[in-house]
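The values are calculated or read from the model by the stated rules, or taken from the named source; none is laboratory data. The structure presented is a predicted model; accordingly, all values stated were derived computationally and were not measured. Note that each Cβ is placed from the backbone with ideal geometry, even for glycine, and that neighbours are counted across all protein chains shown. Calculation scope for accessible area: heavy atoms of the full protein, side chains included, ligands and nucleic acids excluded. Shrake-Rupley method; radii C 1.70, N 1.55, O 1.52, S 1.80 Å.
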Amino acid sequence: MEFQNLIYESSGAIAVVTINRPKVLNALNKAVLQELDQAFAAIAEMREIAVVIVTGAGEKSFVAGADIAEMSAYGIAEARAFSRLGQQVFNRIEELPQPVIAAVNGYALGGGCELAMACDFRIAAQNARFGQPEVSLGVIAGFGGTQRLPRLVGRGMAAQLLYSGDMIGSDEALRIGLVNKVVAAEALMDEAKAIAGRIAAAGPLSVIASKAALREGSNMDLKRALAYERELFAAGFATADQKEGMAAFLQKRKANFQGR
Ligand code: CO8
């Protein structure tokens, strides 16, 4: 796939989507959001891709937010449409069947932090910085930050970050559960690919069902969520992968999953 503002690469079952506007620290304008929307719509149909990694071009920034230059002249209607577009794209990432890992290689501010939070989990470089600085621009987070941040780090910490605009470093992000792991900047992509490789080696239908249970269940009460999990669990027993996975265990060999 060819884009103006993104780089799409794949190797085996792992795809890497790189936001590529390094001169403006990979700020998200409408064009980038539209391309992300196209890229993830296409990846959703690619059965050969098991995992996606999202990162930013350059050494300094993952994504330093929505494009302030583009937004500065917006009126209410354009702001609402921009927020809707960003939310739609990030929902698409959250609803992508395959897992998405954010490899956060520097600033993840505003819309950048929101993009990282729409991914399934986050691995950060030591120099990563996170924050929702919208209040310092006279606006609020509008690509899901007020909703995904408290779900990830709890309401108290989300309130502090959203009201103060404070930036936090990677160690604090690890401490509050915003990221799963912090590694040296030069090791970031290798680490993300190593985790992606382990996911890609698992039963693909099981990974897709686990993501669906995690995502859909978090929007349900526990009783309904457990019923949903039960149905997905039972459906697994209609697959060839279940037969293969359990036979491989009993025969003390590595499973060869077919994704059916
Ligand atoms: N938008 C546009 N341009 C940007 C952005 C951005 N978010 N961030 C950086 N840039 C540009 C700078 O203007 C600069 O351009 P130029 O070289 O032409 O002057 C270039 O990138 C390099 O940036 P700096 O010179 O500022 O680099 P520093 O190392 O000095 O500082 C910072 C790095 C701290 C990251 C700084 O650039 C910064 O504070 N950036 C803005 C961060 C921010 O406030 N992000 C939140 C944006 S708002 C948002 O994301 C809202 C999302 C929801 C929208 C809702 C719909 C309406």
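Considering only the stretch 141-156, how many residues are near the ligand (Cβ under 8 Å from one of its atoms) and open to solvent by 20 Å² or more (accessible area, probe 1.4 Å)? Steps first, please.
Step one: filter the stretch 141-156 for residues near the ligand (Cβ under 8 Å from one of its atoms), giving 141-143, 145.
From what's left, open to solvent by 20 Å² or more (accessible area, probe 1.4 Å): 142.
Residues meeting the conditions: 1.
Within the stretch 21-50, the set of residues being surrounded by 17 or more Cβ atoms within 10 Å (Cβ to Cβ), without any contact (Cβ under 8 Å) to a residue 40 or more places away in the chain and part of a loop (DSSP other than H, G, I, E, B) comprises Arg21 only. Filtering the stretch 83-104 to residues that are open to solvent by less than 10 Å² (accessible area, probe 1.4 Å), assigned to a helix (DSSP H, G or I) and among the hydrophobic types (A, V, I, L, M, F, W, C) leaves Val89, Phe90, Ile93. The condition (being modelled with pLDDT of 95 or more, of a type in the set (Asp, Glu) and open to solvent by less than 60 Å² (accessible area, probe 1.4 Å)) is satisfied by just one residue among Glu186, Glu191, Glu229: Glu191. For the stretch 105-130, a residue qualifies if it is within 8 Å of the ligand (Cβ to nearest atom) and in a strand (DSSP E or B), and the qualifying residues are Tyr107, Leu109, Arg129.
Just checking, which of Ala13, Ala102, Ala81 is small (Gly, Ala, Ser), in contact with a strand residue (DSSP E or B) (Cβ under 9 Å, 6 or more places away or on another chain) and within 16 Å of the ligand (Cβ to nearest atom)? Can you show your working first?
On the way: Ala13 fails: within 16 Å of the ligand (Cβ to nearest atom); Ala81 fails: in contact with a strand residue (DSSP E or B) (Cβ under 9 Å, 6 or more places away or on another chain).
Answer to the selection: Ala102.
Just to verify a result, which residue in the stretch 56-69, among those that are more than 6 Å from the ligand (Cβ to nearest atom) and either open to solvent by 10 Å² or more (accessible area, probe 1.4 Å) or among the basic types (Lys, Arg) (or both), is modelled with the lowest pLDDT? Walk me through it before giving the result.
Initial filter on the stretch 56-69 (more than 6 Å from the ligand (Cβ to nearest atom)): 56-63.
Imposing the further condition that a residue be either open to solvent by 10 Å² or more (accessible area, probe 1.4 Å) or among the basic types (Lys, Arg) (or both) reduces the set to 57-60.
Numbers: Ala57: 98, Gly58: 97, Glu59: 94, Lys60: 97.
Looking at the filtered set, the residue picked out is Glu59.
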